[in-house]
Amino acid sequence: MKKLAVFLCIFLTISLLCVNSYAKYVIENMSLVANINIDGKVPIIQFLSANSTNKQYINYANRTHTITIEIGVKEKNIKEDNTLDNIKFLLDDEQFDPKDKSISKRKVGEYTYYTITLTRITENGRLKIEIPEGSVIDNAEQVNEEAVFDTGITIDNIAPVVSFTQEEIGGMVNAKIKANEEIREVNGWSLSEGSTALKKKFSCNVEYPFSVTDLAGNSTNIDVKIDKATKIKVRYGSISENPKNFWEYGTGLNEIVGKDAIKENSALKIEAISMYWEGLDDDFIQTRCFINTYWGEGIQGACDIYGNRYNYGYNPSENEYVTLANGNKINLDGKLSLLLGGTGMNREGNNGIGGKAIPEEIANKHPFGITALSVKLKDTSEYSVVYQVWVDGVGWLKPVSDGEETTYKHDKPIGAYRMSLIPKTEKEYLINSWEKDVETNKMN
């Protein structure tokens, strides 16, 4: 009996151990099956954002802009990710290979984010990206579906084609610039509905280079030339020492006065200038100049042709300007014009009003004339006046405006100048154009 009891105890113990071991095996096996079937969703690729450095018009870009695109992959159990290798770039549904691109990757929770940077794209079209099917595989061997995303950005590297027309209406001119695509707003101009045309009214003649820019930032230059306006008329002139005593005139269309004289002899200097205008108050344009003479301070000169007097130094004075309302006026071709300076400044034997006669050897060098010019307007709310002078041996000086004095030296007379009364909004276009001629002898 005792042996039987021991045998039974041993048998029961072994039986219990076998049952526990089997139970443990079944539990562990069931846990493994649960892990295999936990992921039932395919990887999802999402378009998050796209922008360009063309901040004013973010949906347009050209080769000068940087484009940044961000996409996200929603999948926490990624087994294989070939997004970087498989991503495709399209322009108007045609695949292309960006020359300059970079792609960075970061993981946050169940998301993997890709930041794509593109620069210097030279092609044209609507930018899209494509992620082919199977680029991302999860642990359950599930793959993403093909995804094509429109970034909303149009790549445009073609400058607009533009045309200019002018229409005279009641002495004024309606100027119109028309483009073959949408263009940007320009200060001082009205942009048409549809953004394909610019319009502006002009009261006086003027000519200057203008830039038209499309939404992507491509620009086309065109000349704005208003030559039919009659509501406001301006004429400026010069006379240099020459045997013909001829005047040269300009009306604001980039005409250079003094040019014909220096073609005969580049040493000839401007001895007198004239100004005439209509459609404006007689004191609207105000002028001052500095005159260098042989006789120096305290001795006046007298114009050989018109008899008016002028001073060495500032005329009328350092702190005053002259106008049609208060200055010397002469009749030039039927127009009562303002006159500053006078002829004969370089004439051999001229002694001014009580001075010494100019010797031949000095007169032959033509060293005297107008050396500085200042022009300003009574009211600059709508218009500006821009002017530029040329000096023999120096070239064109920097263009100035609205009362600034332009001079190389007060003993170095000018040989030519140009001037324009221009709408204030257009002033910088003309200044930028004339600045290209600084230190040159360009006379076109």
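The values are calculated or read from the model by the stated rules, or taken from the named source; none is laboratory data. On a predicted model such as this, the values are computed, not experimentally measured, just so you know. Cβ placement follows ideal geometry from the backbone for every residue including glycine, while neighbour counts extend to all protein chains displayed. With ligands, DNA and RNA removed, areas are computed over all heavy atoms of the protein, side chains included. Shrake-Rupley method; radii C 1.70, N 1.55, O 1.52, S 1.80 Å.
Tabulated results
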quantity	calculated
Cα gyration tensor, the stretch 252-301 - rounded (a/c under 1.5), prolate or oblate	oblate
Spin-label model distance (nm) - Asn326 vs Glu360, 7 Å beyond Cα toward Cβ	4.5
Accessible surface, the chain, averaged per residue in Å² (probe 1.4 Å)	51
Using alpha-carbon coordinates, inclination of helix 2-36 to the longest axis of the chain, degrees	30
Per-residue ³J(HN,Hα) for the stretch 195-212, Karplus 6.51 cos²θ - 1.76 cosθ + 1.60, θ = phi - 60°, Hz, x for Gly and Pro	6, 10, 8, 10, 9, 7, 9, 10, 9, 9, 6, 6, 9, 6, x, 10, 10, 10
Restricting the stretch 348-421 to trypsin sites (Lys or Arg not before Pro) in coil, as DSSP defines it, with at most 16 other Cβ within 10 Å	Lys356, Lys365, Lys378
Relative contact order of the stretch 112-246, defined on C-alpha pairs under 8 angstrom at six or more residues apart (%)	19
FRET efficiency, Glu264 to Glu404 (Cβ-Cβ, R0 22 Å, nearest 0.05)	0.10
Projected label distance in nm at Thr68 and Ala302, using a 7 Å step from Cα toward the beta-carbon	7.8
Pairs of Cα atoms farther than 34 Å apart, the chain, %	57
Modelled FRET efficiency - R0 56 Å, Lys225 with Glu318, Cβ distances, 0.05 increments	0.90
Part-to-part distance (alpha-carbon centres) for the stretch 271-316 and the stretch 248-266, which is given in Å	19
Of all accessible heavy-atom area on the stretch 331-444, the percent that carbon and sulfur account for (1.4 Å)	44
Positive-end extreme of charge dipole, the stretch 245-388 - chosen from Thr371, Asn326, Leu336 (charges on Cβ)	Thr371
Val394 versus Thr117: modelled label distance in nm, points set 7 Å from Cα along the beta carbon direction	4.9
The chain: relative contact order in percent, alpha carbon pairs under 8 Å with at least 6 residues between	10
Those residues of the stretch 217-234 whose amide nitrogen sits under 19 Å from the label point placed on Asn432, 7 Å along Cα→Cβ	217-226
Net charge of Cβ neighbours under 12 Å - reference Arg235; Lys, Arg +1; Asp, Glu -1	-2
Hydrodynamic radius by Kirkwood, which averages 1/r over all alpha carbon pairs of the stretch 171-274, in angstrom	16.3
In Hz, Karplus ³J(HN,Hα) per residue of the stretch 410-424 (6.51, -1.76, 1.60; θ = phi - 60°; x = Gly, Pro)	6, 10, 10, x, 8, x, 7, 7, 9, 8, 8, 8, 9, x, 4
Fraction of accessible area attributable to carbon and sulfur, the stretch 128-278 (%, probe 1.4 Å)	44
